[in-house]
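Chemist: Once you've had a glance at the structure underneath, I'll fire off some questions.
The values are calculated or read from the model by the stated rules, or taken from the named source; none is laboratory data. As the structure is a computational prediction, the values presented were derived from the model and not from experiment. For accessibility, only protein heavy atoms count, side chains too; no ligands or nucleic acids. Shrake-Rupley method; radii C 1.70, N 1.55, O 1.52, S 1.80 Å.
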Amino acid sequence: MDFYKRIILLGILLYGMSICAQKSLEELRIRDPFILPDSITKTYYLYGTTNNRLGEKDSIKGVEVFTSSDLKNWYGPTTVYQHAKDHWGKRMVWAPEVHKYKDKFYLFVTFTGDVMAPQSDRKPPQYKRGTQILWSDSPKGPFLPFENGPTTPNDWMSLDGTLWVENDVPYMIFCHEWAQNTDGTMEVVQLSNDLSKTVGPPSTIFTALEADWVVSLDKVKIMNNKYYGYITDGCFLYRTKTGRLLMIWSSFGENGYKVAQVISETGSVKGPWKHLDQLIFKENGGHGMLFKTFDGKLMMSLHQPNSRPNERPKLFEVEDHGDYLSLKE
């Protein structure tokens with residue numbers, strides 16, 4: 001083997017070693033972190049977007065996963081999804097979630113495509129944006145689309161879809177974005193049994209302005225933002241130890257990004273929903289989700305701070321009080 005081939009092979013080996021090296025959460029730049037615990041293999045899967053790690057201007061768009069057995073030491077990443085050349089939403093990839101449903105794994109991920117309307121004085125450009133559901137036989141992918149288009153309404157700016165199953169019926173909860181309707185909403189829609197499509201139209205659960213702590217983006221003290229609008233973001237549902245149904249979600253208060261909670265007064269995803277006074281997290285971090293460790297601890301993952309490029313995944317133990325949640329002291 002000649003000298004140049006040896007150099008190339010050494011470079012490939014070193015690159016592979018760096019990719020597979022052990023990393024802490026502080027070393028991972030992941031926004032909207034989502035953790036899937038697999039009780040069969042005792043493995044935690046942490047999903048993020050490729051462009052977060054490589055930089056906002058990088059042309060590669062996709063979803064990747066890191067794995068861990070202890071939530072402290074993480075290995076990877078492994079790419080689980082990468083855009084096809086003709087994909088409708090190649091501009092941005094956001095907020096991947098992976099849920100096990102029946103015998104398959106489903107990736108809920110938000111894509112952004114072409115501009116639908118130009119920027120105005122108080123609103124950003126209107127992009128084609130939506131959550132699309134993809135499927136795989138493995139949490140490591142590859143995840144495949146059912147079709148080349150969003151699962152959320154085609155003409156809506158939607159994001160942050162998540163799965164909830166109630167009485168054996170699957171639903172997607174997602175956000176209809178402030179950038180299109182000013183007062184962002186939380187929506188629910190029924191899904192088909194294979195999660196390939198929606199069944200009927202979505203209905204509104206609540207709006208951002210129904211929460212008295214939410215402020216418009218242009219009023220957030222720590223941000224320099226001229227846009228006017230109220231955000232709904234980062235929804236995730238959880239059934240408490242007493243059987244109450246809670247949803248955590250994020251928006252902006254005066255001092256930054258936060259995690260709040262609402263409770264279903266009927267115990268159903270269809271609500272009605274009541275906003276709780278107890279904010280779970282107030283320290284400029286959010287887009288949370290909940291999971292249980294293999295020894296039964298309830299945990300919340302989120303990113304903090306909310307400013308790019310400094311966001312990092314953070315984990316907090318959570319206390320289940322039956323009708324609300326709080327961080328464990």
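Chemist: Quick one: divide the alpha-carbon radius of gyration of the stretch 34-166 by 2.2 N^0.38 Å and tell me what you get. Please list the in-between numbers first.
Modeler: Values: Rg = 15.5 Å, N = 133, 2.2 N^0.38 = 14.1 Å.
Dividing the Cα Rg of the stretch 34-166 by 2.2 N^0.38 Å gives 1.10.
Chemist: Could you pull the accessible area for E147 with a 1.4 Å probe, rounded to 10 Å²?
Modeler: Counting only protein heavy atoms, the figure is 110 Å².
Chemist: In sequence order, what are the phi-derived ³J(HN,Hα) couplings for the stretch 270-284 according to the Karplus relation 6.51 cos²θ - 1.76 cosθ + 1.60 with θ = phi - 60°, rounded to whole Hz, with x for glycine and proline?
Modeler: Using θ = phi - 60°, the values come out as 7, x, x, 10, 10, 6, 9, 6, 7, 6, 7, 9, 10, 9, 6 Hz.
Chemist: Still on this structure: Just to confirm, what accessible area per residue do you get for the chain at 1.4 Å probe, in whole Å²?
Modeler: Values: 15400 Å² over 329 residues.
The answer is 47 Å² per residue.
Chemist: Using only the alpha-carbon atoms, how far is helix 3-20 inclined from the longest principal axis of the chain? Give it as 0 to 90 degrees, nearest 10.
Modeler: 30
Chemist: Here are a few candidate values for Rg and Dmax of the Cα atoms in Å: (i) 19.7, 59; (ii) 19.8, 72; (iii) 22.4, 97. Which one was actually calculated from the structure I just gave you?
Modeler: It is the value labelled (ii).
Chemist: Right, another one. Binned at 5 Å from 0, what are the whole-percent values of the Cα-Cα distance distribution for the stretch 201-318, short to long?
Modeler: That works out to 2, 11, 20, 23, 19, 14, 8, 3, 1, 0, in percent per bin.
Chemist: So what is the calculated 222 nm ellipticity per residue for the chain, using -39500 (n - 2.57) for each DSSP H run with n of 4 or more, over all residues, to the nearest 500 deg cm²/dmol?
Modeler: Values: 3 runs with 27 residues, N = 329.
The per-residue figure over the chain is -2500 deg cm²/dmol.
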